[in-house]
Every structure is written in structure tokens, then in C-alpha cells.
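Step one of this worksheet: look at the structure below.
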Amino acid sequence: MPVRGRCCEGAHAGAWPVSVSRAGGRATGRGAGRAPRPCRRAAVPARVCDRFRDVGRRARQTRGMAISESDLIHLRRAVALASEAADAGDGPFGSVLVDAAGVERFADRNREQSTGDPTRHPELEIVRWAVANLTPAERAASTVYTSGEHCAMCSAAHAWVGLGRIAYVASAEQIAGWRRNAGSAPSAVAPLAITTVAPALAVDGPVEELAPEIRSLIVRAVREG
């Protein structure tokens, strides 16, 4: 049975398709007997290819809508709340609930240490507030902005009550890595992506231009804790 092949190990489009017979090693097909088509990437400087690869990586970071300037305003507010939480000795996390008109409706920060309740995550406080104060349609049209990607508990709660899009600064994977590198013990809960817990949710993140601020707060919290 023939095996399909492409030049440049199938790395990109533009090669002649060639089939090689397993029995005799004989090449057949449209590209058989022809000189290989020049690799289009070969003519492109490495720095340009690297730039295209970087663009691809940034594009894959978001799974919902693109991050807008308006989004950045609310995300910076979430980062400020995270800093406030860190200053109070709580986990460095903050979240903001914004309605369809772009108006902030509720915001909170982590309060685990100050209350002794490990479920006092700001994302969960948003869920509780939204259920008490918004209609299902208003919840679905809202956006939650948060400094760090939801944990599994908060992702599930968000989905159960029908809240809308989530935009976060730092991913659960990034945060787990920063904590680990700073010497923190592993979390009791696996750092799952939001869409692993709730696949239908629209999610955007991480936002690399704000992530260093969260990294600094995470490292500080581990070292001071």
C-alpha cells in the first residue's frame, strides 16, 4: 500500500504529493520523477518564520473573542483587586462582573485567609451575587474579568448559573508553574483549564501584557506565605 509523503517532512503546503510503494520503494504520483518543489520557507529568513510562529501562538491563546481595549480596562481592575488581596494577606486574585452595556456590576477579591474559608474565591462571589441580582438573560450577556483563570470549582459554578464570557490574565497552568517554581506545595485541586470543566463557555486568555504583574503577586504570596 503506498505511503503518502511531502517535502520538508510535511511542515507546510506547497510540496508535490508523492507516493512510495512499500514493496519496491518506487515513487509514483504527480511528484514522481520531478525535482522537489523548492521549500517556500527556505527563502524566508528565520526571524520572519519565528515571527509568524509567535503570532500563531498568540492567536491560540484566546478561545473566544479577541481582547479589546475595553477588556483591558476591566482586566486591569481585576489585577488591582488581586494586588489589594495580596496586601491583605489573601490569595492574589480579583474578579469583576460587567454587564452587556459595559457597566461594572460587582467586583471582589480573594478572601480565603482573612475569613478562614478556602472557597472564598472572587469568581464564586460573583456567581452568588449574579444569581441573587441578575436575570438568566442578564447573566448570559455578562462578562467576568479575572486576574487568574477560574479553578475547577469556580468554572463549574460559573457554567451552572449561566454566566457569559470569561476573560482572564494568567492561565491556571501559568499560575501553577509560578507557584511550583517559587517553592509552593502542590494544590489540592488540579489546575484545569476552564473549558476542560465547562467546554461550552467562551473564554479568552491569557493576556501576556498583564501576566507579569500577576506572576509577581503569585511569587510574593508564596514567599510571604
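The values are calculated or read from the model by the stated rules, or taken from the named source; none is laboratory data. Everything numeric in this text was worked out from a predicted model, so none of it was measured. Glycine gets a Cβ as well: all are built from the backbone with ideal geometry, and neighbour counts include every protein chain shown.
Quick look at the numbers
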item	result
Number of positions in the stretch 107-119 that are out of contact with any Asp or Glu (no Cβ under 8 Å at 6 or more places or on another chain) and assigned to a strand (DSSP E or B)	1
Among residues of the stretch 214-225, those that are of a type outside the set (Val, Ile, Thr), surrounded by 17 or more Cβ atoms within 10 Å (Cβ to Cβ) and either over 20 Å from Thr119 (Cβ atoms) or without any contact (Cβ under 8 Å) to a residue 24 or more places away in the chain (or both), counted	2
Some residue of the stretch 54-73 being more than 30 Å from Ser184 (Cα to Cα), part of a strand (DSSP E or B) and at pLDDT 95 or above	no
Enumeration of residues in the stretch 120-134 that are in contact (Cβ under 8 Å) with a residue 12 or more places away in the chain, of a type outside the set (Phe, Trp, Tyr) and part of a helix (DSSP H, G or I)	Pro122, Glu123, Leu124, Glu125, Ile126, Val127, Ala130, Val131, Asn133
Residues satisfying the stated conditions in the stretch 90-115, i.e. touching a residue at least 40 places away in the same chain (Cβ under 8 Å), surrounded by 14 or more Cβ atoms within 10 Å (Cβ to Cβ) and of a type in the set (Gly, Ala, Ser)	Gly91, Gly94, Ser95
Residues of the stretch 79-89 that turn out to be in a helix (DSSP H, G or I) and surrounded by fewer than 24 Cβ atoms within 10 Å (Cβ to Cβ), as a count	6
